[in-house]
């Protein structure tokens with residue numbers, strides 16, 4: 001996987017990922033093999049569909065699923081990997097929450113609830129006692145842990161504003177791209193890349 005990371009300014013960066021067959025090929029073959037054991041296609045015994053038939057029928061979808069899985073793994077980490085940012089946001093700081101936790105579905109994706117600006121009062125001035133997004137709505141979306149999650153984010157944000165280090169804020173703003181993309185031998189921003197020929 002080749003990664004091109006270019007910082008545009010203090011707040012923005014552009015990241016380009018190039019994924020080659022060597023990156024996803026073995027995983028795609030593994031996924032096709034697993035799928036071939038489950039699928040029953042007319043004209044073939046159950047679990048005996050040739051790889052070529054499956055690739056022709058479902059190849060694009062399986063390729064997309066495999067590549068998305070690799071990107072998610074590389075960019076976001078796994079919940080059970082104690083060194084990943086995802087694990088730390090969900091399990092340690094408890095600020096990444098599932099949507100509609102009452103369903104009990106065990107989410108694959110966690111969300112950091114928004115820290116909204118203050119609401120306006122009737123005179124059009126900021127009302128520092130109320131958030132622009134009602135607390136009841138956030139609790140409905142994220143569950144009862146949302147109040148504590150927002151308090152943690154706000155405390156870390158204030159800490160960072162005072163010039164104190166905040167590991168949580170560094171993760172949320174992706175201060176170090178290596179935290180997201182793992183170890184590389186060279187900083188992608190320093191790579192000399194030749195333009196592609198059309």
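Details
- For the range 19-41, a residue qualifies if it is exposed (fewer than 11 other Cβ atoms within 10 Å of the Cβ) and over 12 Å from residue 54 (Cα atoms), and the qualifying residues are 20, 21, 22.
- Of all positions in the range 6-22, at least one carries a residue that is at pLDDT 85 or above and either in the same structural domain as residue 131 (by TED's automatic domain parsing) or touching a helix residue (DSSP H, G or I) at 6+ places or on another chain (Cβ under 9 Å) (or both).
- Of the residues making up the range 21-43, those that are outside any helix (DSSP H, G or I) and touching a residue at least 12 places away in the same chain (Cβ under 8 Å) are 39, 41.
The values are calculated or read from the model by the stated rules, or taken from the named source; none is laboratory data. The shown structure was predicted, so the numbers you read here are calculated from the model rather than taken from an experiment. When we count neighbours, we look across all protein chains shown, and the Cβ atoms used for this are built from the backbone with ideal geometry, even at glycine.
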